[in-house]
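Data block below; observations after.
The values are calculated or read from the model by the stated rules, or taken from the named source; none is laboratory data. Because the structure is a prediction, the values reported are computed rather than measured. Positions of Cβ are generated from backbone atoms using ideal geometry, with glycine treated the same way; all protein chains shown enter the neighbour counts.
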Number of protein chains: 2
Amino acid sequence: MSNRTKRYFLPESEIPTHWYNIQADMINKPLLPRNPSTKEEMKPEDLYPIFAKELCHQEFDQTNRWIEIPEEVREMYKYYRSTPLVRAYGLEKALGTTAHIYFKNESVSPMGSHKLNSAIPQAYYCKKEGVTNVTTETGAGQWGASLAYAAKLFGLEAAVYQVKISYEQKPYRRSIMQTYGAQVTPSPSMSTRAGKEILTATPNHQGSLGTAISEAVELATTTPNCKYTLGSVLSHVTLHQTVIGLEAEKQMELAGEYPDVVIACFGGGSNFGGISFPFLRHNILDGKTTRFIAAEPASCPKLTKGEFRYDFGDEAGYTPLLPMYTLGHKFTPANIHAGGLRYHGAGVIVSQLLKDSLIEAVDVDQIEAFDAGTLFARAEGIIPAPESCHAIAAAIREAEKCKETGEEKVILFNLSGHGLIDMTAYDSYFAGNLVNYSYEPEKKD
Amino acid sequence: MSNRTKRYFLPESEIPTHWYNIQADMINKPLLPRNPSTKEEMKPEDLYPIFAKELCHQEFDQTNRWIEIPEEVREMYKYYRSTPLVRAYGLEKALGTTAHIYFKNESVSPMGSHKLNSAIPQAYYCKKEGVTNVTTETGAGQWGASLAYAAKLFGLEAAVYQVKISYEQKPYRRSIMQTYGAQVTPSPSMSTRAGKEILTATPNHQGSLGTAISEAVELATTTPNCKYTLGSVLSHVTLHQTVIGLEAEKQMELAGEYPDVVIACFGGGSNFGGISFPFLRHNILDGKTTRFIAAEPASCPKLTKGEFRYDFGDEAGYTPLLPMYTLGHKFTPANIHAGGLRYHGAGVIVSQLLKDSLIEAVDVDQIEAFDAGTLFARAEGIIPAPESCHAIAAAIREAEKCKETGEEKVILFNLSGHGLIDMTAYDSYFAGNLVNYSYEPEKKD
């Protein structure tokens, strides 16, 4: 008992020096974004008005397998990386399972989630290119808080549009962003044309990531020296997040195991891609047979019930058309507490991988997610974010199967964030006030 | 730049196997507690009705320098220990100081503070002795959350009295305790004789640690198979917390430095003693000359303005009489946000050490504390608890002195907890609504 290792760390010298670009190894490359007006395939240069140039090139890069992490970014990663890989002995015991469950604990970042992994390089590249202001949207506030801090680190001003329902449900997250000096506006707002149009059509609109993206992109493209940044969906964001899986790969080696199943919750795909892609490369290149499971909310099931087609990334239709699994860009997700999963589409890489059956997806009801999160909290001590509860629920399903068959499968999931700022959600759960929302497809006009 | 180490960890095999009992090395031993009725010196057995027996013996142990950490406790420590020792390069740069600043980051515990270090052994010893229910008080909620989780780990029921002002200011902390299955009551309450008497005398009493202790002790002594547990003040709590300083000692060695100054905030003394005593032993035994600074709130200054005398640990006068620096057990501290520092007395070991000039104390105003905390958050990414802000403020004062003299002193402080559940306090600070409370001595009857 006492010699069992619980947590695995890497020395700073082992923190990855390169991100892994899975596009280079994909047989079927992701389709290219298209210009919404001309419908023509886009090039990196077409995105220069919105994003830092370097990020535009990362977005389209289908050839370089390894992208070097700038030294300044690696220096900032040292503030909280490596994050621990944890053997979930407590959870295994609570479940009575034969499975070996591991989780990568991204909640130990000072911002409480994995989002900082991409906020730092995005702010870095903006700064390097002479940008002075950055803008973004945030759902639960995890991304907004991370961008606010990263902006502060590099001396940039940050303006964040926070989805209105989250702004109201999670006031602490707004305070956190303000502590780092960011300006925070609930979205939809009257500060943009997009916001005004949405509020005119639907005065009580509760907001969604799609709506907030419209506002942030509009601000970026109409403000001098200002760039937009995004916390998920896009390929360069997922690229930065591969630091999670690359660390986990080395840490699983320290544990002397290799995952049979890798699981993450799914909003736009960044934490899922981050932990999965480095392992998936061994399926593609080395004949490994690991399964990859994206866990999405039952009320916002783009992977399990969406269509693969070109669609806008935002509600107003400002972004390029992206080839992805989508519920339609006008879809407004139900007000589940997992604000970070309330998004209509999936990133283009994940979409292509799902189409090619290289990954799987499951959907999880809100109450099952909180059942899982509470069981996990009591067993492992960490209160998970509502988003991460979906990954835990999917991991528990797999562990329960092992319990039946007696198999000792190795299950690895990503604990994308903690839920300390989401305690009102847990209060609702314990009071019996949480409901399951079923998926209602958008009405076709 | 890129070869600079930011965080130092210990492998699990290096996590301390013994706690350090400074009482064994003190020339002037702490005076003994006295029975409030007979005024006679007490023995461990006299505390059996209140605490687990093993803890009573640890409380009085003045001879054994090293106390073995039970294997079950060490196994639980692995969930979050070692905590990182961090070189605060960001803060050093923000201050422009020549000092080398380090902090021990106890905020990475799943409960967000150092309190779990003692909650685990206290719950363990209770369980081992056949106790089924534990009770305690909590100020900011950090201790209550830790005890709630530790009780859950060992299958005990927990009842927590939370200081009313904190219960209202920090609702998330109550939710966290409830997530771990604890019953939480705002104190003073009508559920105990002590609470009723206080509310009868002062209907709008906002509560204090002293008041909540009275209620919890009363519940423990009137309920079968129930023991009381305490988050600070007592010598056995400080003993458990020495795991902080013992780790820090090894980690400073990894960093190739030794502290000239060790700083911690001060409520009852557990985090201060925890980080200080292992280093202080080298002052006593090996001729080192490290300074030890306890940072207390200006509005509750028992170390800098209190008297050394026998006093009760609680407001109602249920506890033994303790020889300590005190503001008087009837003193109700001002409603500062650092709820964990709102206590009238100091632990007996720290009191004796201060009397013998082996340690120092400074007081810090509320606004200086939040100035320091905000500077730290922006420089290091971590939003500190209001309590920890006091330690940071004291560390900054020392670093500013180095800036003037050009000295490269090594400053080590304990980051006892994060402030993610205290964002309303930061909101008040940013809104300009925080005030400094001066100390007003209790009225003598």
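Search region A:96-121 for residues being crowded, with 20+ Cβ neighbours inside 10 Å and farther than 28 Å from A:Gly139 by Cα, and hand back the single one that is nearest to the other protein chains (Cβ to nearest Cβ). Before you say what the answer is, go through the steps one by one.
Within region A:96-121, the first condition is being crowded, with 20+ Cβ neighbours inside 10 Å, and the residues that meet it are A:97, A:99-121.
Filter again for farther than 28 Å from A:Gly139 by Cα, leaving A:97, A:99-101.
Working: A:Thr97: 19, A:Ala99: 19, A:His100: 16, A:Ile101: 14 Å.
Of everything passing the filter in region A:96-121, A:Ile101 is nearest to the other protein chains (Cβ to nearest Cβ).
Suppose we filter region A:356-369 for residues that are of a type in the set (D, E, K, R) and either under 14 Å from A:Ile396 (Cα atoms) or within 14 Å of chain B (Cβ to nearest Cβ) (or both); how many remain?
3
For region B:406-445, enumerate the residues that are touching a residue at least 60 places away in the same chain (Cβ under 8 Å) and in a helix (DSSP H, G or I).
Passing the criteria: B:Thr424, B:Ala425, B:Ser428, B:Tyr429.
Somewhere in region A:421-433, is a residue over 23 Å from A:Ile176 (Cβ atoms), in contact with a helix residue (DSSP H, G or I) (Cβ under 9 Å, 6 or more places away or on another chain) and of a type outside the set (A, V, I, L, M, F, W, C)? It would help to see each step written out before you state the result.
Within region A:421-433, the subset over 23 Å from A:Ile176 (Cβ atoms) is A:430-433.
Checking the rest, the ones that are also in contact with a helix residue (DSSP H, G or I) (Cβ under 9 Å, 6 or more places away or on another chain) come to A:430, A:433.
Narrowing the set further to residues that are of a type outside the set (A, V, I, L, M, F, W, C) leaves A:433.
So far as region A:421-433 goes, yes, one or more of its residues are over 23 Å from A:Ile176 (Cβ atoms), in contact with a helix residue (DSSP H, G or I) (Cβ under 9 Å, 6 or more places away or on another chain) and of a type outside the set (A, V, I, L, M, F, W, C).
Restricting to region B:338-365, give me the number of residues that are within 15 Å of the chain's Cα centre (by Cα) and not small (Gly, Ala, Ser).
Summing the residues that are within 15 Å of the chain's Cα centre (by Cα) and not small (Gly, Ala, Ser) in region B:338-365 gives 7.
Test of understanding: among A:Ser388, A:Ser351, which residue is buried (at least 24 other Cβ atoms within 10 Å of the Cβ), within 14 Å of chain B (Cβ to nearest Cβ) and hydroxyl-bearing (Ser, Thr, Tyr)?
Exactly one of A:Ser388, A:Ser351 is buried (at least 24 other Cβ atoms within 10 Å of the Cβ), within 14 Å of chain B (Cβ to nearest Cβ) and hydroxyl-bearing (Ser, Thr, Tyr), namely A:Ser388.
Across region B:193-237, what is the total count of residues that are in a loop (DSSP other than H, G, I, E, B), free of Cβ contacts under 8 Å to residues at least 24 places away in the same chain and closer than 25 Å to B:Thr132 by Cβ?
1
Kindly indicate whether any position in region B:370-382 is away from chain A (no Cβ under 14 Å) and either of a type in the set (Asp, Glu) or under 27 Å from B:Val237 (Cβ atoms) (or both).
no
When you go through B:Leu285, B:Leu280, B:Leu254 one by one, which is the residue that is farther than 19 Å from B:Trp19 by Cα, in a helix (DSSP H, G or I) and modelled with pLDDT of 95 or more?
B:Leu254
Would you check which residues across region A:267-311 are in contact with a Pro (Cβ under 7 Å, 6 or more places away or on another chain) and either among the hydroxyl-bearing types (Ser, Thr, Tyr) or over 21 Å from A:Asn335 (Cα atoms) (or both) and list them?
Of everything in region A:267-311, those that are in contact with a Pro (Cβ under 7 Å, 6 or more places away or on another chain) and either among the hydroxyl-bearing types (Ser, Thr, Tyr) or over 21 Å from A:Asn335 (Cα atoms) (or both) turn out to be A:Phe279, A:Thr290, A:Ser299, A:Tyr310.
Of the residues in region A:52-68, how many are buried (at least 16 other Cβ atoms within 10 Å of the Cβ) and in contact with a strand residue (DSSP E or B) (Cβ under 6 Å, 6 or more places away or on another chain)?
Counting residues in region A:52-68 that are buried (at least 16 other Cβ atoms within 10 Å of the Cβ) and in contact with a strand residue (DSSP E or B) (Cβ under 6 Å, 6 or more places away or on another chain) gives 2.
Can you tell me how many residues within region B:1-34 are among the hydroxyl-bearing types (Ser, Thr, Tyr), under 15 Å from B:Pro84 (Cα atoms) and within 8 Å of another protein chain (Cβ to nearest Cβ)?
Final tally of qualifying residues: 1.
Being within 13 Å of another protein chain (Cβ to nearest Cβ) and either without any contact (Cβ under 8 Å) to a residue 24 or more places away in the chain or at positive phi (or both) is the filter here, so list the residues in region B:122-146 that pass it.
Hit for region B:122-146 is B:Gly141, nothing else.
Scan region B:203-248 for residues that are in contact with a Cys (Cβ under 8 Å, 6 or more places away or on another chain) and more than 29 Å from B:Gln62 (Cα to Cα) and jot them down.
If the condition is that a residue be in contact with a Cys (Cβ under 8 Å, 6 or more places away or on another chain) and more than 29 Å from B:Gln62 (Cα to Cα), then B:Leu219 is the only one that fits.
Of all strands (runs of 3 or more DSSP E) completely enclosed by region A:1-104, which ones contain at least 2 residues that are more than 24 Å from A:Cys265 (Cβ to Cβ)? Full working, then the answer.
Details: elements: A:18-20, A:66-68, A:85-87.
Those strands (runs of 3 or more DSSP E) span A:66-68.
Any idea which of (1) in contact (Cβ under 8 Å) with a residue 40 or more places away in the chain; (2) more than 14 Å from chain B (Cβ to nearest Cβ); (3) of a type in the set (A, V, I, L, M, F, W, C); (4) not in a helix (DSSP H, G or I) is the one A:Met190 doesn't satisfy?
So A:Met190 meets the others, but not (1).
Can you find even one residue in region A:159-175 that is away from every other protein chain (no Cβ under 14 Å) and of a type in the set (Lys, Arg)?
yes
Name the single residue, out of those in region A:65-82 being under 14 Å from A:Glu247 (Cβ atoms) and in contact with a Ser or Thr (Cβ under 7 Å, 6 or more places away or on another chain), that is farthest from the other protein chains (Cβ to nearest Cβ). Can you show your working first?
Residues of region A:65-82 under 14 Å from A:Glu247 (Cβ atoms): A:69, A:74, A:77-78, A:80-82.
Checking the rest, the ones that are also in contact with a Ser or Thr (Cβ under 7 Å, 6 or more places away or on another chain) come to A:69, A:74, A:80.
Numbers: A:Ile69: 11, A:Arg74: 6, A:Tyr80: 7 Å.
It comes out as A:Ile69.
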